[in-house]
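All of the numbers you see were taken from the coordinates with simple rules; none came from a lab. Nothing here was measured: the structure is a model prediction, and the numbers come from that model. Here the Cβ is made from the backbone with ideal geometry for all residues, glycine too, and neighbour counts use every protein chain on show.
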Amino acid sequence: MLPSNRNRQQPRAGRSWSFSEMDFSDPKRKPRFLSKLVMLAFLTAMCILMLTHPQYHSSCPSVFAVREPGVTHVLVTGGAGYIGSHAALRLLTDSYRVTIVDNLSRGNIGAIKVLQKLFPQPGRLQFIYADLGDAKSVNRIFSENAFDAVMHFAAVAYVGESTLEPLRYYHNITANTLVVLEAMAAHGVKTLIYSSTCATYGEPEKMPITEETPQVPINPYGKAKKMAEEIILDFSKSADLAVMILRYFNVIGSDPEGRLGEAPRPELREHGRISGACFDAALGIIPGLKVKGTDYETPDGTCIRDYIDVTDLVDAHVKALDKAQRGKVGIYNVGTGKGRSVKEFVDACKKATGADIKIDYFPRRPGDYAEVYSDPTKINRDLNWTAQRTDLLESLRVAWRWQKLHRSGYGAPLAATI
């Protein structure tokens with residue numbers, strides 16, 4: 001609050017307050033002049049503070065800083081990314097209060113703008129540009145917001161890239177998860193839904209993969225996620241947390257109503273999901289599709305994966321949030337229970353796009369494994385969740401509709417939009 005002017009001594013009527021008089025004609029007034037300079041400096045500092053810290057604009061606390069009966073406030077880390085933005089959309093549709101924190105290194109400001117346009121009402125959605133590697137910023141975010149739960153999606157998530165930049169993956173996934181947990185502990189946030197991956201299992205000897213399958217990851221991405229899981233489990237033993245760890249398989253598809261989609265940065269496309277590469281080839285953005293590995297011990301020689309639609313995936317997250325209980329940890333595979341080969345996937349993509357996609361074959365990608373698909377029995381039983389969108393061709397058709405309308409993703413890069 002700015003100082004009041006009521007008690008300041010006012011100049012006598014008719015008296016001139018010229019600078020020459022204040023500076024030179026009355027030596028006794030020098031202390032008053034100095035006090036005015038101090039006051040001017042103070043007011044200037046306060047103005048700068050108000051301009052650079054919007055929370056000081058009003059003495060009323062933000063609605064996001066206050067717990068409201070019947071409203072669950074969820075922090076969605078990485079909420080500008082492909083999966084995180086779809087999760088935020090579902091939470092907002094279900095009347096949750098949502099705060100998205102993202103540094104936009106992999107996410108899209110365009111996805112945030114779509115969500116803000118859909119949910120403009122006060123107290124529904126806020127976006128905070130921040131890096132989870134900055135512990136001070138994360139702690140400040142928690143201190144200024146009343147979170148009830150955290151959905152932690154933020155991560156770098158490309159298997160091939162992780163073999164090239166392992167330290168980046170350990171820092172971004174494992175270390176940043178530790179920062180989030182420390183902030184949760186400091187501010188009493190007791191519910192965590194953690195986005196993990198089937199990559200923590202590595203290449204199991206038996207299929208399908210259950211939650212009891214040994215975790216023996218074979219690439220830095222899977223190893224970093226497993227380390228983060230172990231930290232969460234150790235912390236939960238003494239912190240009375242409600243924890244849900246969801247290990248999901250290969251994500252495809254997009255919002256059925258066409259509001260959101262997958263839009264990786266151009267320089268990352270070669271590391272991205274096969275669906276993105278198929279669409280890029282169909283659009284002519286790249287000359288053809290690179291299939292890496294044709295000599296695996298599978299029926300057609302290509303990798304086998306369990307493809308889960310993103311709409312089903314976020315449904316599993318919301319059900320996990322609803323079922324989370326203090327003092328308990330739930331670990332679940334999120335998949336369809338059916339494996340499809342890369343060749344099958346490419347054939348479906350050709351049908352979905354109607355394009356004659358050129359296929360080039362290359363050696364195996366470092367860190368990849370031959371066959372991975374889930375046994376979803378546990379999540380079916382405990383969370384009453386079952387994948388509904390299991391038609392691979394239809395999921396690709398839905399995603400293709402968005403891609404055709406968004407050839408350049410969500411639009412201009414961050415520098416041109418903020």
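Below are the figures for this structure:
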item: Top positive-direction residue, dipole computed over region 69-413 with Cβ charges, set 137, 260, 169; result: 260
item: Sorted by Cβ neighbour density within 10 Å, fewest at the top, the residues 195, 374, 408, 62; result: 408, 62, 195, 374
item: Among beta bridges that DSSP assigns inside region 69-413, antiparallel share in %, nearest 5; result: 5 percent
item: Loop-located chymotrypsin sites (Phe, Trp or Tyr not before Pro) in region 325-418 whose Cβ has at most 15 other Cβ within 10 Å (DSSP); result: none
item: Whether region 79-194 is rounded, prolate or oblate, judged on the alpha carbon gyration tensor where a/c under 1.5 counts as rounded; result: oblate
item: Taking 247, 140 and counting other C-beta atoms within 10 Å, the order from fewest to most; result: 140, 247
item: 26 Å Cα cut-off, lysine pairs counted over region 79-237 (separation 8 or more, or different chains); result: 14
item: Region 175-237 shape via C-alpha gyration tensor axes, a/c threshold 1.5; result: prolate
item: Likely footprinting exposure, 93, 213, 298, 197, fewest C-beta neighbours within 10 Å first; result: 93, 298, 213, 197
item: Neighbourhood net charge (11 Å Cβ-Cβ; Lys/Arg +1, Asp/Glu -1) for residue 145; result: +1
item: 9 Å beta-carbon shell around residue 218, net charge (K/R +1, D/E -1); result: -1
item: Over region 183-288, equivalent-ellipsoid semi-axes from the Cα gyration tensor in Å; result: 32, 20, 13
item: Gyration tensor verdict on region 297-418 (Cα atoms; rounded if a/c is under 1.5, prolate if a/b is larger than b/c, oblate otherwise); result: oblate
